[in-house]
Structure formats: structure tokens, C-alpha cells
1. Can you confirm whether B:Gln676 is buried (at least 16 other Cβ atoms within 10 Å of the Cβ), outside the structural domain of B:Ala529 (by TED's automatic domain parsing) and closer than 30 Å to B:Glu573 by Cα?
2. Pairs only if they're at least six apart or on different chains, beta carbon under 7 angstrom, first in the range B:379-405 and farther than 28 Å from B:Asn141 by Cβ, second exposed (fewer than 15 other Cβ atoms within 10 Å of the Cβ); list them, first residue then second.
3. What about B:Val373, is it in a strand (DSSP E or B), more than 13 Å from chain A (Cβ to nearest Cβ) and either surrounded by 16 or more Cβ atoms within 10 Å (Cβ to Cβ) or touching a Lys or Arg at 6+ places or on another chain (Cβ under 8 Å) (or both)?
4. Considering only helices (runs of 4 or more DSSP H) fully contained in the range B:167-234, which possess at least 1 residues that are touching a helix residue (DSSP H, G or I) at 6+ places or on another chain (Cβ under 7 Å), at pLDDT below 90 and closer than 20 Å to B:Leu260 by Cβ?
5. If only one of A:Glu183, A:Glu138, A:Glu158 is part of a helix (DSSP H, G or I), over 24 Å from A:Pro278 (Cα atoms) and out of contact with any helix residue (DSSP H, G or I) (no Cβ under 8 Å at 6 or more places or on another chain), which one is it?
6. Which of the residues spanning the range B:383-416 are in a strand (DSSP E or B) and touching a strand residue (DSSP E or B) at 6+ places or on another chain (Cβ under 6 Å)?
7. If you take the residues in the range B:278-311 that are among the hydrophobic types (A, V, I, L, M, F, W, C) and closer than 15 Å to B:Leu143 by Cα, which one is surrounded by the fewest Cβ atoms within 10 Å (Cβ to Cβ)?
8. How about the range A:91-120: which of its residues are within 10 Å of chain B (Cβ to nearest Cβ) and surrounded by 15 or more Cβ atoms within 10 Å (Cβ to Cβ)?
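The values are calculated or read from the model by the stated rules, or taken from the named source; none is laboratory data. What you see is a predicted model; the values in this text were computed from it and never measured. Positions of Cβ are backbone-derived with ideal geometry, glycine not excepted, and every protein chain shown enters the neighbour counts.
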Amino acid sequence: MSDTPYRYRVRHLTRYVYGGEVVHSHQVLRLSPRAMPHQTTVSHEVVVTPQPAFRVDGQDAFGNPVTRLQIDLPHDSLSVDSHMDVTVYARPARDAADSLPWNQVAEQLVYAPHALDAEDLEARRYRSESPYVRVKQEFSRYAASCFTPGRPVLAAAEALMHKIFADFTYAPGVTQIATPLLEVLRGRRGVCQDYAHVMIACLRSQGLAARYVSGYLRTLPREGEPRSDLVGADASHAWVAVYAPPFGWVALDPTNDLRVGRDHVTIAWGRDFGDVSPLRGVILGGGEHELSVNVSVQPLLHKA
Amino acid sequence: MAKRAEQTRDRRWLSAYAADPGRYDELLATDGKVRPHWEPLVSRLLAEGADTTRRSVELARRLVVENGVTYNVYADPQGRDRPWALDPLPLLLSGSEWRQIEAGVLQRASLLNSVLADLYGPQELIADGSIPPELVFGHPNYLWPCRGTRPRDGTWLHLYAVDLARGPDGRWWVLGDRTQAPSGPGYALENRQIVSRVYPEVAKDLGVRAIGGFFAGLRASLLANSESADVALAVVLTPGPFNETYFEHAYLARHLGLPLVEGNDLTVRGDTVYLKTLAGLRRVHAILRRLDDDYCDPVELRADSALGVPGLLGVVRAGRVVLANALGSGVIESAALLGFLPGVAERMLGEKLALPSVATWWCGEQPALDYVVEHLDSLVIKGAFPNQRFEPVFAGDLSATEREVLAQRLRARPYAYVAQERVQFSQAPSWRGGSASLGARSVGMRAYAIATPQGYKVMPGGMARIASDAAVDVVSSQRGGGSKDIWVLSGNAQNDEDQDEQPLAVLTVPRDELPSSLVENLFWLGRYAERCEDKTRLLRATFAVRPDPGIWKPALASCRSLGLLDEVKEPSESLFDAEQALGLAADLGRLAWAATRSRSRLSAEHWRSLNVLQRQFHEADAARTDPRETLDRLLLGIAAFAGFTLDDMTQDDGWRLLMLGRQLERIQFLSSLLAQRLAGGRRLLRGELDWLLDVGGSTITYRTRYMAAPRLTPTVQLLVFDESNPRALAFHWRGVQRTLSKLSVSLGGGGEDVLVDALRVLFAADLLPLDQTNAAGTRARANFAEALVNLNFEAGRLCDRLSMRHFSHTGMDVRTVAA
């Protein structure tokens, strides 16, 4: 019973209303569900109004589906309406104690002049500093208590997740994407993005590899289940994946203090938020704008 | 015997120059004799004598200053225009020695090109352990969005530069690679042109290899792969005049015959990038960029960049534009890579590196870190990544405590640091500032290579950089110091090796791609040139009437109400006050600014004439010269500058916009000045009319025509309506009409007629009563003043229409948004 796949209907509506006319607009969309062993896409569509003059679908350097478009007629609003039906399967159960000692993993990720297998090479892409995640000593000090020598890497990462969850207060509006991460660490408040960035900085400061994952979280309780109190469900959500051999990547949600399972729909991953922002663009003109984002994640009764 | 005597003379002449036993000496062999390849130049200089040498040094200095060659050091309190030093004595390299350097540079360029292709493609060099992943994935210039892109011709590096220095053993060592947007080839060219003027004939007689062909090759290489070479368009992309090497961008662009553009001159539509020109959008096939790659596209790269071209990466991905160098190429500039390149060369080419690099340790490997910490004293420590903002440190110069702090830093983040052996650079002779004696300066060189369809080619020359003083061996323009031309001797006077080089002018077909922003700058250049002239005339005429209080008072009031002079300050001081927003000093600054932005269109003499007048004005300010004398001289300078506008510039649409700027400015100035004097029907004193004619530059014309003391009606006739008077309003509105009709792109919507109504009102005015003292006279003057105000207003509207139609709308907000 606990392995039943779940199906979701997700709608992610982004709407800009501009104060003046936008003459030309370039947008990059990362709104399509990413295909993975434990996630399949049943259907997906993005409707953009006004009609783009140019549109290219492709994959970014991290393997995420990406859509690039241009609108070249004057317009005073933009709506990007993404719909998808997705099936999420249970991930294999992993006993944290069976993962390799974290210091051994960190050592394995340090350069040595010999060949790497594909998995190790992939891990190294997520081990260095990135624009939103500078690796500073304060992060390694903060995380130190979780990383006792010889502790299995997944156990240490989960201990770190518990610590962040316990220390931090979920507080929308306190931080922005531009808020320096050290300030977030000192203030102990923020949203899912901040929880994820702090955790990634801590992991990388220990020499481990960590990804930033974006997606959605189930909003409404399943039938017959009590109402969930998951945080971050009314917008796009973000969490972390840590490289934990021999299991490979294991996804952890520090905002809700749990391992990622069938409640999460995965869209994209990268080194940090900058690599995966759902909608990023440059407009010419437009003046002040108002932005509204609505996300709903509805469980479907369908049994896959 | 004769030989011996000559050598004695040699010794005396060189007495001030001493070899340093710890260094290689470029001029003297170990036995103290002049090296054979220097001999011909040395004997020439001997024959010249000290006076000629002094004159040569002075000539070089003056040419540098007058050409406005600048190396702008950021945060330099001296501002944007610090002359950059050129030592006219070249660095000589023999042909055989050069061939070795050349082979090494060629090998390195193609190796690094392959490294880039791998790092942005399969990453095999990382997978097999040849290059540490930390150096790539931890480098801020590894641009992830570029991974998977492939330049349309497979070339990542179109222009490559390498910094070299010669060690005590006489070998050349690589200090670092420049792959992002190498600076300096334009300076090398400028150096060559100046030094060739200082030592005419010498270069030819010595068989110095020409470097012009290198630039022709660069231009050809950019467009080599365009599907339609005949209409293909390449541009030089600059971050703009605030950049430290902007001069070079403008210089290169002009020499290559390519438009110099900023990000907002380009626009991406679909999968194509276009230049916004006066005639509409023109497809761009190649971009020689002097803008760092992460700033090139705010949509996919740095979002905070206002300098880039939104969507450019999409065009690259579609293979529709050649970027030189390709986006992402900065990642291999890290010094940390140097130690790994020998292995990479073996792995990729099966060859040894022909040019060794200075011994380099990347601290990310434990044994390297241990070695570095132990041998700190003899090493230079550098950051591995440019965003560390870590200045190179000579650890030997530090105190024990500082060294310990440094060691702790290395241990905390070893992967972020590199250590290099401290090399004793070779030394070369250099003219001591101002005198004709020789001094020794440590010297390094930057060599350049370009990709051509036949493979890489190396510039037979380059830029040598010398330290600012004899004891210093860090050679960097950012830290002062200077540069030298490099003469590669071919061994014969005929220059056989460079025969395939054609003068660039033959290859450069003039075209009519005028970037909209350039047109805009030319328009403002015209306006400010005219504005400076008008204000100079107004001030000069005003200071001239100072002895006559009755005239001085209203004249001064005019200057003050037009904002030229401060309301309370002493006028002769306020004249030089750059803080006076509408004053002459401030407008001269704006003129210089507009000229800087239009520089790619100004001839060297044209540009120099501006520098001369600016300098004179500032010298007059410093010397507190009499205002009238200063303004007299300034007026001559401005007239010279205006003369070049007529004689030296191609008369295309850009020039027409410049002329429109002048004409409209003139109309606005005269109409506002006259309106202000006549407002409310005021009567003008006779002396005021003299003053007005002087301001209007029409005193002589009036005298020859009317041979009588001035009266208002004929004065107005002459200043406003007389089409044969080149200083009259009428002359200029005819000019406006003529220029508008010649513009290849019409304003549309009857825009050309915009002044007509205002002129009709003016023409309808009854001029006869203007001199009358009765109420009819007052009314006539007041009405005429209003008609002038109206004309001024309409001329302003025409300016707005021009800018709407022809300019690039750079004022429009470009913003990055994310949700």
C-alpha cells in the first residue's frame, strides 16, 4: 500500500501586468516536469499569452527541459499557464546507516590524477561554489556537529536537515533571492529557497556534493487522510539532493524535515536557484509591473 | 682599429646601462658586447646623437598624448584620461628566436582551443583526470548555459594572447594565457605606428616584420564562415567608454573598418542578431567582443548585466553568429591550469609543450599544498579564480606573521590558490624619461595569435611591457609602467615572410552600417560643438563690453539668465567653473564626452584638435589668463574642430545628423538670445546692438552692408532673415531643410515640415516698427520675441522627432525579471 504511485494535476499560472507597454520580451521557462525513474509525465502543456513570435524547446546543461521564447509585439500583460499530469512513484527505501562515511565521500570527491566514473564526475559538478551558494567557513562551523568522523553520509545529511528545520523559522517576506546567504544563516528565517541554499552551502563546505531541486508539493490532503501541514505548497517549492554513495542522489526537504517521496513533483535541478528559476526574462519597456503566481497541486484518484 | 674605436664609443654611450648578473639582458651578451641583432639599431642611434634622441622621445610622448592613447586605471583620481607611457625604443627579437616563440604560441593556441571544445562538450579531460574538476566547475567563468553549444566553425579562440617573460637562462616562459577578450593588439598597432613615425625608415632598413597583415587576417577570419561573405557584417562589441581599454576598442574598430557597438545597438529577433542602424535592422554575422562573456546575455548569463544583448546565447546555440572569442572561453585563463597543460598536451596532441610555463603549483593537491607552504618565501601566491579579488603576493616580502596568516588561508581553501615560482624577468634598455640616457627595465611581452581557415597565425611582434622602475619585476599596466613595440627582424630588408600581407585599406570596403547610437552621439557632437561656439562668442562679446557699465549690465544679465555664469560669483572665475551646470566649462566636458562616444568616426587630426582646445582651456584656467584672451584662443580652436567636421568626415547620414545637431542648436541659441533681449518689448541700447552683432558673429557684415551705427531693424534683418549670412537663422533653417531632404530615411508623417508654421509667423512680423520708441514699437518687439520663443520650441520638437525616428532608444528600460 505504501508503494502506490500517486498522480497529480499541477497548474502553475504566472501573470505579469505591466505599467506600460513591453516592446520586446525574452523569456526562459523551466516549467516542464523532468523525466526520472520515479516520475513520469502523463501530459503537459504551457500556454503563453500573447502568442510568442519565437519558441524553442530544448534541454539545458543540467538536463532539465527548457523553453525559450520571444514576444515581439507590444503587450501590457504576460500570462504563462502551465498544466501537467504527473505520476510519482515511491523511491526505494534507503537505510541511512548503509551509506558510506561522509569523510570518505568527501575525500573521494577531491581531485586525484586518475579517471572518474560517470557518477563521480556528475557529483563534482555540484560540489563547488555557485553564484547563490558561496562556501564560507561559517557554514562549515554551523554544520560541524552533524558531521562527526565516520558518520554515514546520509545520516549526517539528515541530521543537518533536522538541525536546520529546528533552528530556522519559515517566514515569507523576510528574505529575497538577493539576500546574502550568510545573512540568512545569521537571521535563521526564510523560505524554502533559503532552507535549501543554506543546507547546500553546509554540505559543500564539508566537501560534499549537493543539488538544488525545484518542483511542487502536494497542496491538498489525499482522500481519507488528515489535512497535511506541509509548508511551501502554494508556490513552487525547492529542496536539496545530496550525493550519498552507494545510493547515488538522495533528495531531502529541509523546509518540511523529510525525505522527498511521493508528495513532491520534480521540475528541474541545478547548482542553485539561479540555474532553475521557473521563469526568467528580459523585457524592453513595461515600467512598473505586478506579478502574481498561483500554484495548485491536486491529487487525482487515478491509480497508476 | 676603426672597429675598436667604435666599440669604445659604444661603451661610453652605454656607460649608464648596466647588465644585471641575475637576469638575462636583451641588449648585452654575457661578455658585455651588444648582441648582434641589436647592432644595426645601436649604430643608428649612435650616429644620431643625444639631441636627436631627446627629440625622438619627446615626439613619442607628444604623439601618445595627442592621440589620446589612454590606459584608464579604475578608481584613478586623475580620471578617465591618463596618458599611457610608451618607450619608443623597441624590443628587438631575432628571426630565429622568433620562430621558436611563434611555434610555441601556435601550438598553445590550438591546444587551448581543443581544451575549450572539450570542457563545453564531452569533458573527457575531466573524466580522465587530466584537469581537476574544481578548476572548471569552481570557476565563475565556466558558463554552464554554454555547455553543449558549438561555435559554427569549431573555433572557440579567434584571438588568443599569451604573456611571456624570459628567465635568466635565456628561455621564454609562459606566465599566463588570455582567452576571454585579450586586450592589447590595438595598442601594439598604435605603438607600431608611433614608433614608425619616431624612427622613420629604420624599421624598413632593419627588415622589421610588418604587423598590418595580422589585422587583415583577423577581420577575414571573423567572416570566413559566413554563408554570404559579400554582405556579411562583423562588429566590435564594447562595454563602453568607462572601460579601461575603450580607446583600444575604438582604435581597433576603426582600423578593422568595423562598426563599434554597445550592447543596446544590437537586438535579437528569433535566432538572429541584428544591428540597429539608421536604415533599419542589419543582420550581424560576427562579433569581436571586448565585453566579458558572462555580461553578454542577461537572459541566460548574468542577469544584472545592462551591457549585454538579451537572447545572444540563443543565436550562438543556433549557430547563427560567430563570437570572437566564443562565450565561455574565459575559464581557461586560470593560472592554476598551467601545471596541468603539459599532461593535456600529451593527451590531446601527443606532443610536448614547446613553450614551458613558469613552475606552477595548484594548492588543491595535498602534496602541492605541502610544498607551497614549506617554500612560501620563494613563491608568488595568486588566486585561482578571478572573483576572489586576490592580488598576487610575493610571500618573501611578508613578515613572519603575515606569512602564517597566508598559510592558514591556503590550508582553509587550498583549491582557490596557486603558487608560482618567482621569475627574474629579463631586462631591456629603455629611454629614461625626458633624457637621452639608457636605463634597464625588466620586460615581459604579450604575443597574439588569430584563428584563420588555414590554422592559427601569430602576430610577428606584439606588445612589450616594462616595469615602472628598475627594481620592480611585476609588469602590469594596472600598476603603472609602460609599453614598447616589439620588432621581429626578418633578417633581410625585403620582408619576404610578410609578402602576403595586403594593406588593410584594400580589404576594407566602406559600408553604410551606422549604428543608431553612433548617429545619436554624432547628433550630440554637433549640438555641443555649436553650443560651445555660441557660448564662447556670447562670453567673449560680453567680457569685451565690461568697461562700459551700461552695456555690461544687460549683457551679463543675459549670460546669467542663460546659465553661463553664476549669479553672484565673479564672472571671470565663474567662466572656468565646471560646476556651473550650463556653463562653458561643463559644455566643453560634454563635447569631449560626445566626441569620445563618436570617436570611431573622427580622424586622428580631428580628435587631436579637440584635445588641444581642451588642454588650452584648462591651462588658461590654471594660469588665470585674461578671459578675453582665453576665449579668443578657444574660439579659434573650436573653429578648427568645426573645420575638420566639414573637411575630414564622410558626408553620409551620420554626418547629416551631426549637421542637423549644429543647425538646430544654432537656431535655438539665436532665437532664445534674441527673444530674451526683446521680451516684453524692451528697447535695445546702441551698444547692446553692437554686442548682439558681435555675439552673432556679424559685426563685419553689418558694417560693410550698412556703413552706419546699428539699428534694430537691420540688425534683426541680418541676424534672422538674411540667407546669405552664414550666421543668420535663415541660413540654418535652409540648412535644416536641405539636410532633412538628403537623409536617406525620411522622418515620416510630414516631420520635415515641422518648422514651417513657426517660420511663417516669424516672416509675417512687421520689422519696420522695431526701432520705434512708441507703443507700436514695444508691441512689435514683444510680438517678435514671442515668435522667436515659438520657433525655439518647435526646433526642440524637431529634435525630439529626430531622436524618436533615428536613435536607438537607449533610454528605454531593459530589465531582468524572474518569477
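1. Details: buried (at least 16 other Cβ atoms within 10 Å of the Cβ): yes; outside the structural domain of B:Ala529 (by TED's automatic domain parsing): yes; closer than 30 Å to B:Glu573 by Cα: yes.
Yes; evaluated as a whole, the condition is true for this residue.
2. B:Gly396/B:Asp377; B:Gly396/B:Ser378
3. On the way: in a strand (DSSP E or B): no; more than 13 Å from chain A (Cβ to nearest Cβ): yes; either surrounded by 16 or more Cβ atoms within 10 Å (Cβ to Cβ) or touching a Lys or Arg at 6+ places or on another chain (Cβ under 8 Å) (or both): yes.
No, not satisfied.
4. Working: elements: B:185-198, B:202-206, B:212-223.
By residue number, B:185-198, B:212-223.
5. Details: A:Glu138 fails: out of contact with any helix residue (DSSP H, G or I) (no Cβ under 8 Å at 6 or more places or on another chain); A:Glu158 fails: out of contact with any helix residue (DSSP H, G or I) (no Cβ under 8 Å at 6 or more places or on another chain).
Going through A:Glu183, A:Glu138, A:Glu158 in turn, just one is part of a helix (DSSP H, G or I), over 24 Å from A:Pro278 (Cα atoms) and out of contact with any helix residue (DSSP H, G or I) (no Cβ under 8 Å at 6 or more places or on another chain): A:Glu183.
6. Here is the first cut: in the range B:383-416, the ones in a strand (DSSP E or B) are B:383, B:393-394.
B:Val393, B:Phe394, listed by residue number.
7. Pass one, the range B:278-311, residues among the hydrophobic types (A, V, I, L, M, F, W, C): B:278-279, B:281, B:284, B:286-288, B:291, B:296, B:299, B:301, B:303, B:306-307, B:309.
Narrowing the set further to residues that are closer than 15 Å to B:Leu143 by Cα leaves B:291, B:296, B:299, B:301, B:303.
On the way: B:Leu291: 23, B:Cys296: 27, B:Val299: 25, B:Leu301: 22, B:Ala303: 19.
Here the answer is B:Ala303.
8. At the first step, the residues of the range A:91-120 found to be within 10 Å of chain B (Cβ to nearest Cβ) are A:109-118, A:120.
Correct list: A:Leu109, A:Val110, A:Tyr111, A:Leu116, A:Asp120.
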